[in-house]
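Read the structure below first, then the notes.
The values are calculated or read from the model by the stated rules, or taken from the named source; none is laboratory data. Predicted model, so just to flag it, every value in this text is computed and none were measured. As a convention, Cβ positions derive from the backbone with ideal geometry for all residues, glycine included, and neighbour counts pool all protein chains shown. Heads up: the accessible areas ignore ligands, DNA and RNA and are worked out on the full protein's heavy atoms, side chains in. Shrake-Rupley method; radii C 1.70, N 1.55, O 1.52, S 1.80 Å.
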Amino acid sequence: MVSQNRKFQSLDINESGLPGNSNVADGEPFFQQSNPGITKFYVRYQDCMEMYAPTASVIDYLNNHSLWFANCAEPMTVQSLGENAYALVIGRFSSFGYEVEPKIGLELLPADQGIYRIRTIPIPDYHPPGYDVDYQASLQLVEDIPSDVSTNVNEVTKVEWQLDLRVELNFPKFIQRLPHSLIQSTGDRLLMQIVRQVSRRLTRKVQENFHQSLGIPFPLNCHKHKK
């Protein structure tokens, strides 16, 4: 869980960056809380991907993430933080004239009773400027039969995963002038868009890399999305 006591380094954004068409409705309360300017956003996202191979092959692939993770994560920038950990620069995103380029540390934990987990870890000598991220994901492998009867593959392994993502943002003063409901709804929507965009791109590239590494044809309808 994101620490309530974490000190944020505010982004230096000029108040003139407030969009001209962002008017505060009369009578609508401004955002107020014990830590002014800090807003929390939360997303739960589920998805799965099909690997046209036995479960043992998928396990070997997941356990050797150092061979494929950085390449599959492109265009995100990836830096190794050790045997099972990476620092990722997610990309640059903006809303209401507020711009942030999140960078997070992730640890890919070995399987525990068949469940793989990914969690947030601190990046050494890095202090997030105006934000904090708590990323908790779990993956499990499920044996299945092919949904594409045109393939010659007899075994399919589904990688089913769930992500719980919490983000805290320390907005500059000009954002704090906006209604709390507008900040919350816009932030939640933007966060979901980012999660969908990143997860679908990463999933597709992992599927392609996995099948290519084993010389297995990659069915075009292999990837299925779940909201």
Accessible-area value, GLU107, 1.4 Å probe, nucleic acids and ligands omitted, Å²: 40 Å²
Label-point separation in nm, ASP144 to ARG196, each point 7 Å along Cα→Cβ: 2.0 nm
Chain lengthening between ASP125 and THR77 when straightened (0.36 nm per residue, less Cα-Cα): 15.5 nm
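Starting from 0.36 nm per residue, how many nanometres of slack lie between ILE59 and GLN212 once their C-alpha separation is accounted for? Walk me through the numbers on the way to the answer.
On the way: separation 153, 0.36 × 153 = 55.08 nm, distance 1.59 nm.
Separation in residues times 0.36 nm, less the Cα-Cα distance, equals 53.5 nm.
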Cα-projected label distance for HIS180 with ALA85, points at 7 Å along beta-carbon direction, nm: 3.5 nm
Ordering of 131-140, 209-218 by burial proxy (mean other Cβ atoms within 10 Å per residue, highest first): 131-140, 209-218
